[in-house]
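Notes for the one structure printed next.
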Amino acid sequence: MFDLDGTLVDSEAICNQALLDLLPDLNKPIGDLIKYYRGKKLSVIFNEIEASIGRRLPVDFEQAYRSRVSELFAIDLEPIPGVVAMLDSLPLPKCVVSNGPAHKIHQALKRTGIDGHFIGRVFSAYDVGLWKPDPGLLLHAARMIGAAPNRCAVVEDSEVGIEAALQAGMKAFHYVPDKDAACHKGSVPFFEMSQLNELLKQSLQ
């Protein structure tokens, strides 16, 4: 089970750039925004932004934000380094489980050329009304693909995703491209996508 943003596709900077494009008064370095908001539900992010800038966001802000992200995806989105080769050589059944809406997931997969790996196996929090760190989305995906939770491996780059995996009773693999960053306790950390297949093989034996 793969997360999307920051795990399969290099979208964290793009999504936060969209916030900065629309909110000049947010006035924070993009690296800080990525750190603060990685993996969080969009409504939680918007609430935190409102507290930070001291005003309410416009009622149509989510629509404007989604539109800007889509524009940037079409221009700049790339797969995470090593993802294409990793997916091509991974012999296990796989799916995408994301807090993002389905249309965003499908756009990202198609834009980066990896959509063929996940045909019929894309699960969005918006379809079931459950967002990580709630484990319900992962458990829903497991039921849909007929897999026991303890036989599922979750690949994530965010704390909230790892928490959801562990609560669901699944094995958690934490992608940490910054080797100096903290790894979530209880997860298996890895730093390059080229490492993942061997880790999965060892873990699921």
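The values are calculated or read from the model by the stated rules, or taken from the named source; none is laboratory data. In this text, all values refer to a predicted model and were calculated from it rather than measured experimentally. So basically every Cβ, Gly included, is an ideal-geometry build from the backbone, and we count neighbours across all protein chains shown. In case anyone asks, the SASA skips ligands and DNA or RNA and just uses the protein heavy atoms, side chains included. Shrake-Rupley method; radii C 1.70, N 1.55, O 1.52, S 1.80 Å.
The number of residues in the range 3-31 that are open to solvent by less than 60 Å² (accessible area, probe 1.4 Å) and either over 17 Å from Pro101 (Cα atoms) or aliphatic (A, V, I, L, M) (or both) comes to 12. Could you grab the pairs with beta carbons closer than 7 Å, sequence gap of 6+ or different chains, first residue in the range 29-52 and under 14 Å from Cys15 (Cβ atoms) and touching a residue at least 12 places away in the same chain (Cβ under 8 Å), second one β-branched (Val, Ile, Thr) and open to solvent by less than 70 Å² (accessible area, probe 1.4 Å)? Hits for this filter: Tyr37/Ile45; Gly39/Val160; Lys40/Val160. The residue that is surrounded by the most Cβ atoms within 10 Å (Cβ to Cβ), among those in the range 34-52 that are part of a helix (DSSP H, G or I) and under 15 Å from the mean Cα position of the chain (by Cα), is Tyr37.
Do we find a residue being in contact (Cβ under 8 Å) with a residue 40 or more places away in the chain, assigned to a helix (DSSP H, G or I), polar (S, T, N, Q) and open to solvent by 20 Å² or more (accessible area, probe 1.4 Å) anywhere in the range 81-95? Yes, there is a match, as at least one residue in the range 81-95 is in contact (Cβ under 8 Å) with a residue 40 or more places away in the chain, assigned to a helix (DSSP H, G or I), polar (S, T, N, Q) and open to solvent by 20 Å² or more (accessible area, probe 1.4 Å). Among the residues examined, Phe123 qualifies as among the aromatic types (Phe, Trp, Tyr), open to solvent by 10 Å² or more (accessible area, probe 1.4 Å) and closer than 22 Å to Leu204 by Cβ. Can you find a residue in the range 30-37 that is at pLDDT 95 or above and hydroxyl-bearing (Ser, Thr, Tyr)? There is no residue in the range 30-37 that is at pLDDT 95 or above and hydroxyl-bearing (Ser, Thr, Tyr).
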